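Following: one structure in structure tokens, then a few remarks.
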Amino acid sequence: MLPMLDVQTTALSGVLLLTPRRFGDDRGFFCESWNKARMAEAGIDLDFVQDNHSFSAQKGTVRGLHFQSPPHAQDKLVRCGRGALFDVAVDIRKDSPTFGKWVGYELSFENGHQLLVPAGFLHGFMTLTDDCEICYKCTDYYAPECDGAVVWNDPDIGIEWPLDVTPILSTKDEAAPKLADFNSPF
């Protein structure tokens, strides 16, 4: 019997690419996008307290690179509800051998992949389609006083964004500092 959940490690310790098994027929499919017991069996023991749903109308929208600092740091489990996006995690743990390194994966409605982004990492994404929806669970509530960001195109990080476009950004994301000008709280 096939496992209910495929778990792949990444080049960054703690960041995981998860693919829940889909059960399909001529009507469509069903999958458990989160099952606490099955995740615990896979060594993932998290208590999520908030679900977020974000919609981006235009392809090439970039959101991030965001984090929430202690005492309200968040682990996130990210998936694409419609369309496709390129999802990125950047290590900002000061004592980590991979500080400033990144991984990125395409998450789409079709592939069903999910990215687990632990606290201590920046998170961001670029939409690859119009009308793109991203859904993610968080282990702590949003706390504006703990909200932070690093600029999406920092050359010291060197993320290889898949689309060569002028991205659609928020004012906050345009004004975010570079990693070199940022004192990580992790």
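Brief remarks on what is shown
- Cβ-defined net charge surrounding Leu77, 14 Å radius [Lys, Arg +1; Asp, Glu -1]: -2
- Counting only Cβ charges, +1 for Lys and Arg and -1 for Asp and Glu, the dipole size of region 93-162 around its Cα centre is about 360 debye.
- Look at the dipole of the chain built from charges on Cβ: of Trp102, Ser69, Ala40, the Cα furthest out on the positive end belongs to Ala40.
- Among the trypsin sites (Lys or Arg not before Pro) found in region 1-75, those both in a DSSP coil and sparsely packed, with 12 or fewer other Cβ atoms within 10 Å of their Cβ, are Arg27.
- Cα gyration tensor shape for region 1-135, rounded if a/c is under 1.5, else prolate or oblate: oblate
- The magnitude of the dipole of the chain, with charges of +1 and -1 set on the Cβ of Lys/Arg and Asp/Glu and taken from the Cα centre, is near 220 debye.
- Within region 52-91, backbone nitrogen closer than 19 Å to the virtual label 7 Å beyond the Cα of Glu160 toward Cβ: 85-91
- Nonlocal Lys pairs with alpha-carbon distance under 28 Å, the chain (8 or more apart, or different chains): 20
- Extension gain (nm, one decimal) between Ala40 and Phe55, 0.36 nm per residue minus Cα-Cα: 2.4 nm
- When you restrict to C-alpha pairs under 8 Å that are six or more residues apart and normalise by the size of region 67-168, the relative contact order lands at 39 percent.
- Excluding exposed DSSP-loop GluC sites (Glu not before Pro) (at most 10 other C-beta within 10 Å), longest clean stretch of the chain: 1-109
- Pairs of Cα atoms nearer than 8 Å and 6+ residues apart set the relative contact order; for the chain it is 29 percent.
- Net charge contributed by nearby residues that have their C-beta within less than 12 Å of Leu17 (K/R +1, D/E -1): -2
- Proximal charge balance of Thr166 [Cβ under 14 Å; K/R count +1, D/E count -1]: -2
Only the coordinates and a few stated rules stand behind these numbers; no lab work does. Computed from a prediction, not measured in an experiment: that's the story for all the values here. Virtual Cβ from ideal backbone geometry, glycine too; neighbours counted across all protein chains shown.
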